[in-house]
Amino acid sequence: MRSGKPLLDTALGMRQERPPIWIMRQAGRYLPEYREVREKAGSFLDLCYSPALATEVTLQPLRRFDLDAAILFSDILVIPHALGQNVRFAPGEGPILDPIDENSLATLKPEKALDNLDKVLEALDRIKLALGENKTLIGFCGAPWTVATYMIGGRGSPDQAAARLFALEHPETFAALIDILVEVSAQYLVAQFRAGADMVQIFESWALNLDEDAFRSHVIEPNRRIVERVRSFIPDAPITGFPRGAAGMLAEYAEKTKVSVLGLDFATPLAFASSNLPKTLPVQGNLDPLRLVAGGKQMEDRAEEIIEGFSDRPHIFNLGHGIVPQTPIAHVSRLVDIVHGR
Ligand code: CP3
C-alpha cells in the first residue's frame with residue numbers, strides 16, 4: 001500500500017522512477033541559519049533538548065532544498081547522556097565523555113533513560129505537525145557498538161582501540177553494556193515511532209576496524225536484537241541500518257539483522273552491492289561527501305552513475321557519510337535537482 005511519501009514507499013520496497021533523497025546530517029553547520037540557532041541555544045545539548053529549537057533546525061534544510069525527508073535533530077550521544085554519563089560537546093573538539101569502566105557501569109540508570117529523552121520526543125511531535133504530507137519523518141539512534149566506542153573511549157578515535165581492547169579484556173562488562181544499549185535504544189526507537197517517526201535509522205558509524213568475529217558479536221547481533229525488539233512492538237517497522245565500513249560483511253549484516261533498508265558508505269562499489277545483495281532489498285547512498293564539496297561535473301557524473309547503478313532496485317539517494325561544514329549550499333541544490341531529474 002502506498003503511503004503517499006516517496007521516500008517511505010521506497011523503504012517499503014517500492015522502486016521509484018527517480019530516487020528520493022535526503023542527506024545525512026542535513027541540518028548542520030554548512031547552513032548559516034543553523035549556525036545562528038546553534039549560537040542562540042547555548043550548548044549543543046541545550047539545542048538537542050529544546051523542542052522548539054530542535055524543530056526549527058530540523059525543518060531548515062527542507063525550506064532551502066526539495067528533500068524528501070526530515071531527520072529529527074538530535075545526536076546519537078543523547079543516549080549515554082540520558083543514562084547518566086557526563087557528555088559534553090567542546091567547540092572544535094567533538095564530543096567528550098567521562099569514560100565508563102568495569103566499576104562505573106553500575107552507575108548507569110537505564111530505567112531513567114527514556115524519561116530523560118522526553119524533550120526529544122516532544123520535538124518529533126512538533127516536527128510531524130509542521131511537515132508536508134509527502135515528506136517522510138526519520139528518527140534515529142546510534143547502534144550499541146558505535147555508542148559504546150564513545151562511552152568507553154571518552155571521545156571519537158580513528159581506530160576505536162579503547163573499546164576494542166575493553167571488549168577483549170572485560171567481555172562480561174562489555175556484554176552488559178551492550179545489553180543496556182540494545183534495550184534502551186529499542187525502547188527509544190519505539191517511542192520515536194509512537195511520536196510520529198515514519199521510519200528510523202540505526203547509525204553504526206564505526207563498523208570498520210573489526211575482525212569477522214567481533215563484527216558478528218558487536219555489530220550484527222546487537223543490530224539484529226534491536227530490529228527484532230522494535231518489531232515486537234511495531235510489526236514491519238521500517239528500519240535502515242547503516243553499518244559504515246562493513247565491506248565484506250555487508251550482505252551478512254543485511255541478511256541477519258533484517259533491516260528494511262541498507263545504508264551504503266561511499267567506499268562500497270556499486271557492482272559489489274548489486275551482485276551481493278538481494279534485488280528486492282532497498283539500498284541508500286552513497287555519494288562521497290567531498291564530491292559535494294567540490295561540486296561540478298565530477299559530482300553530477302558520479303550522482304548519475306549511482307542512480308544508474310541502483311536503477312534495478314528500490315534506492316534512496318544519500319551521501320555515503322554525513323555532509324561536512326565546508327559544503328557550498330549551491331552544490332546541495334544542484335545535487336537535489338539532479339537526483340530529481342531536473
Ligand atoms: O542528520 C541530521 O541532520 C540529524 C542530526 C544528527 C547529528 N548527529 C547532529 C550533530 C545526527 C543523525 C547525528 C549522528 C551522529 N552523531 C553520528 C552518526 C553519524 C556519523 O556522522 O557518523 C555520530 C558518530 C555522532 C557523534 C557526534 N556528534 C560527533 C562525532 C560530533 C562532532 C563532529 C562534528 O561534526 O562536529 C557531533 C556533534 C554534532 N551532531 C553536530 C551536529 C549538527 C555538530 C555540533 C555543532 O553544531 O556544534
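The values are calculated or read from the model by the stated rules, or taken from the named source; none is laboratory data. Because the structure is a prediction, the values reported are computed rather than measured. Positions of Cβ are generated from backbone atoms using ideal geometry, with glycine treated the same way; all protein chains shown enter the neighbour counts. Surface accessibility is based on the protein's heavy atoms, side chains included, excluding ligands, DNA and RNA. Shrake-Rupley method; radii C 1.70, N 1.55, O 1.52, S 1.80 Å.
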>> Looking at the range 150-165 only, could you name the residues that are within 19 Å of His81 (Cβ to Cβ) and basic (Lys, Arg)?
In response: Arg155
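For the condition within 16 Å of the chain's Cα centre (by Cα), closer than 18 Å to Arg225 by Cβ and of a type in the set (Phe, Trp, Tyr), what is the one hit in Phe174, Phe193?
Working: Phe174 fails: within 16 Å of the chain's Cα centre (by Cα).
On inspection, the qualifying residue turns out to be Phe193.
State all residues of the range 192-204 that are open to solvent by 20 Å² or more (accessible area, probe 1.4 Å) and touching a helix residue (DSSP H, G or I) at 6+ places or on another chain (Cβ under 6 Å); if no residue qualifies, say none.
Of the range 192-204, the ones open to solvent by 20 Å² or more (accessible area, probe 1.4 Å) are 193-194, 198, 203.
Result: Asp198, single match.
Check whether at least one residue in the range 311-334 is outside any helix (DSSP H, G or I), under 21 Å from Phe203 (Cβ atoms) and more than 20 Å from the chain's Cα centre (by Cα), and report yes or no.
Step one: list which residues in the range 311-334 are outside any helix (DSSP H, G or I), which gives 311-328.
Next cut, under 21 Å from Phe203 (Cβ atoms) only: 314-325, 327.
If we keep only those that are more than 20 Å from the chain's Cα centre (by Cα) too, we end up with none.
Within the range 311-334, none of the residues are outside any helix (DSSP H, G or I), under 21 Å from Phe203 (Cβ atoms) and more than 20 Å from the chain's Cα centre (by Cα).
Would the range 58-79 turn up any residue that is polar (S, T, N, Q) and surrounded by fewer than 17 Cβ atoms within 10 Å (Cβ to Cβ)?
The initial filter retains those residues of the range 58-79 that are polar (S, T, N, Q), namely 58, 60, 74.
Of the ones still in play, those that are also surrounded by fewer than 17 Cβ atoms within 10 Å (Cβ to Cβ) are none.
The answer is no, given that none of the residues of the range 58-79 is polar (S, T, N, Q) and surrounded by fewer than 17 Cβ atoms within 10 Å (Cβ to Cβ).
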> Would you call Leu117 open to solvent by 10 Å² or more (accessible area, probe 1.4 Å) and in contact with a helix residue (DSSP H, G or I) (Cβ under 6 Å, 6 or more places away or on another chain)?
Replying inline: no
>> If I filter the range 175-191 down to residues being under 16 Å from Lys109 (Cα atoms) and among the hydrophobic types (A, V, I, L, M, F, W, C), which single residue comes out as surrounded by the fewest Cβ atoms within 10 Å (Cβ to Cβ)?
In response: Ala176
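With the requirement that a residue be among the basic types (Lys, Arg) and part of a helix (DSSP H, G or I), what does the range 265-310 give you? Spell out the reasoning first.
Of all residues in the range 265-310, those among the basic types (Lys, Arg) come to 279, 291, 297, 302.
Residues satisfying the conditions are Arg291, Lys297, Arg302.
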>> Return the residues of the range 168-219 that are closer than 17 Å to Met249 by Cβ, away from the ligand (no atom under 15 Å from the Cβ) and either part of a helix (DSSP H, G or I) or among the charged types (D, E, K, R) (or both); say none if nothing qualifies.
In response: Asp211, Glu212, Asp213, Ala214, Phe215, Arg216, Ser217, His218
> Looking at the range 55-145, what helices (runs of 4 or more DSSP H) fall wholly within it and have at least 1 residues that are closer than 29 Å to His340 by Cβ and within 16 Å of the ligand (Cβ to nearest atom)?
Replying inline: 118-130
>> Among the numbered criteria (1) more than 19 Å from Thr149 (Cα to Cα); (2) modelled with pLDDT under 95, which one does Asp101 miss?
In response: (1)
>> Can you tell me how many residues within the range 232-244 are under 18 Å from Pro282 (Cα atoms) and open to solvent by less than 60 Å² (accessible area, probe 1.4 Å)?
In response: 8
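Out of everything in the range 80-98 that is of a type in the set (Gly, Ala, Ser) and without any contact (Cβ under 8 Å) to a residue 24 or more places away in the chain, what residue ends up being most open to solvent (accessible area, probe 1.4 Å)?
Gly92
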> Taking the range 239-256 on its own, how many of its residues are of a type in the set (Lys, Arg) and within 16 Å of the ligand (Cβ to nearest atom)?
Replying inline: 1
>> Of all residues being within 11 Å of the ligand (Cβ to nearest atom) and out of contact with any helix residue (DSSP H, G or I) (no Cβ under 8 Å at 6 or more places or on another chain) in the range 312-337, which is farthest from Gly241 (Cα to Cα)? Just the residue, please.
In response: Pro325
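May I ask you to list the residues in the range 18-52 that are in a loop (DSSP other than H, G, I, E, B), open to solvent by 60 Å² or more (accessible area, probe 1.4 Å) and either without any contact (Cβ under 8 Å) to a residue 60 or more places away in the chain or within 16 Å of the ligand (Cβ to nearest atom) (or both)?
Of the range 18-52, the ones in a loop (DSSP other than H, G, I, E, B) are 18-20, 22-31, 42-43, 49-50.
Next cut, open to solvent by 60 Å² or more (accessible area, probe 1.4 Å) only: 18, 25, 29.
Residues satisfying the conditions are Arg25, Arg29.
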>> For the range 99-112, check the following and say yes or no: at least one residue is open to solvent by less than 30 Å² (accessible area, probe 1.4 Å) and under 21 Å from the mean Cα position of the chain (by Cα).
In response: no
